[in-house]
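Here is the structure we will look at.
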Amino acid sequence: MTVSLRQPTGVAHTRIYAYGAARGERAVPNEDLIGPIDSSDEWIRQRTGIVTRMRAEADTDAIDLATEATREAIARSGVDPSAVDLVICATISNPKQTPSVSAIVADRVGANPAAAYDVNAACAGFAYGVAQADALIRAGAAHYAVVVGTEKLSDVVDPTDRSISFLLGDGAGAVVVGPSDTPGIGPTVWGSDGSKADAVGMNHTLTDFRDGKAPWPTLRQEGPTVFRWAVWEMVKVAREALEAAGVEASDLAAFVPHQANMRIIDEFAKQLKLPDTVVIGRDIETTGNTSAASIPLATHRLLEEHPELSGGLALQIGFGAGLVFGAQVIVLP
Ligand SMILES: CC(C)(COP(=O)(O)OP(=O)(O)OC[C@H]1O[C@@H](n2cnc3c(N)ncnc32)[C@H](O)[C@@H]1OP(=O)(O)O)[C@@H](O)C(=O)NCCC(=O)NCCS
């Protein structure tokens, strides 16, 4: 007689319960960075919209930032930390290649022995993590998940690099995802284009650094290539996410794109024909580009500044090194 295997099924719907945020302790103005890159405060403001970026102290790492943001998200969610059975950290700045940030964060916040793993999807990492938490909860593989984007990018910055260093900041943004009576996370549109892997990423390997063949690896990008890809290709992805969710741009309460460059954000808003009623995340101005942390940090700020957005729809889209991208419409808690 054959034994029939039991396979789990989960809940019908999920939603984001709450957000948490942590930013690096120091505000670093443009003036502090322009010397070694022969730039100016005016150039950085005009070309990127950044006035200051937040950077962490030397003894604060991506795990510390993630822990702080996750504690806030769990506290606000009303979920007991011990009921969290899945922790997904999206990061490219784990101080060590292993163990994962997630396992340590799960333990620190009282969610031990939750399943825990890191996602390396750069600036799309948070959207990837939300896609996974949503799918795993609906499949019955988890019940309450934490998704946290966390980065200490200042550790991988070369102060003499003109291509990306002045954009980057440190921070973490976290959410708790759990079961819902109504749909709270729309279909995810995600993907990659590894043929453009050289457009943005680390300039050297760790082994080259070890062998004295290269300096400490730092982030580099072909700025205009990434800019054009973001503006042309990512707008299509954003439209697909709206379509997949069955909503129009005019149904949105908020738009939270990855905080890469204010000009990219403005171009998105124009091409998506967002009405003035849609509030746009512009956290980049004072936080900088925090890769995986940028979307939840920007959303956390929007909810602080505009509590009336609660219950409304937000379109979020992440894109970056890989190249990778991910977008979905969510209901704001
Ligand atoms: C990096 C970025 C801000 C550069 O802006 P840009 O408008 O594309 O600038 P360009 O590289 O075309 O350079 C324009 C001019 O500014 C100069 N320039 C470039 N970097 C500069 C800097 N840091 N400071 C001052 N001048 C600079 C160039 O030399 C060039 O001068 P020229 O016109 O005299 O030749 C922009 O390309 C960008 O934001 N790219 C995408 C970022 C992104 O989405 N990343 C995703 C992964 S996180």
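Data for the structure
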{"item": "Unique match (being crowded, with 17+ Cβ neighbours inside 10 Å, of a type in the set (A, V, I, L, M, F, W, C), modelled with pLDDT of 95 or more and not in a strand (DSSP E or B)) among Ala292, Ala314", "result": "Ala292"}
{"item": "Segment 1-11: number of residues that are in contact with a helix residue (DSSP H, G or I) (Cβ under 7 Å, 6 or more places away or on another chain) and among the small types (Gly, Ala, Ser)", "result": "1"}
{"item": "Matching residues, segment 122-169, being of a type in the set (Ser, Thr, Tyr), assigned to a helix (DSSP H, G or I) and over 26 Å from Pro81 (Cα atoms)", "result": "Ser154, Ser165"}
{"item": "Breaking point among (1) at pLDDT 95 or above; (2) within 16 Å of the ligand (Cβ to nearest atom), for Ser165", "result": "(1)"}
{"item": "Residue match in segment 294-312 (condition: away from the ligand (no atom under 14 Å from the Cβ), over 24 Å from Val79 (Cα atoms) and touching a helix residue (DSSP H, G or I) at 6+ places or on another chain (Cβ under 8 Å))", "result": "no"}
{"item": "Condition broken by Asn30, with the remaining ones in (1) more than 16 Å from the ligand (Cβ to nearest atom); (2) of a type in the set (S, T, N, Q); (3) modelled with pLDDT of 95 or more satisfied", "result": "(1)"}
{"item": "Ala260 farther than 15 Å from Val279 by Cα, near the ligand (Cβ under 10 Å from one of its atoms) and outside any helix (DSSP H, G or I)", "result": "yes"}
{"item": "Residue ID - nearest to Leu168 (Cα to Cα), chosen from residues in segment 101-131 that are of a type in the set (S, T, N, Q) and surrounded by fewer than 24 Cβ atoms within 10 Å (Cβ to Cβ)", "result": "Asn120"}
{"item": "Long-range neighbours under 8 Å by Cβ, at least six apart or interchain, first residue outside the structural domain of Trp43 (by TED's automatic domain parsing) within segment 256-276, second surrounded by 22 or more Cβ atoms within 10 Å (Cβ to Cβ) and among the acidic types (Asp, Glu)", "result": "Gln259/Asp283"}
{"item": "Qualifying position, being over 28 Å from Ala69 (Cα atoms) and either acidic (Asp, Glu) or more than 13 Å from the ligand (Cβ to nearest atom) (or both), among Ala174, Ala244, Ala238", "result": "Ala244"}
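The values are calculated or read from the model by the stated rules, or taken from the named source; none is laboratory data. Note that the structure is predicted; figures quoted are calculated from it, not measured. Glycine also receives a Cβ, built like all others from the backbone with ideal geometry; neighbour counts cover every protein chain displayed.
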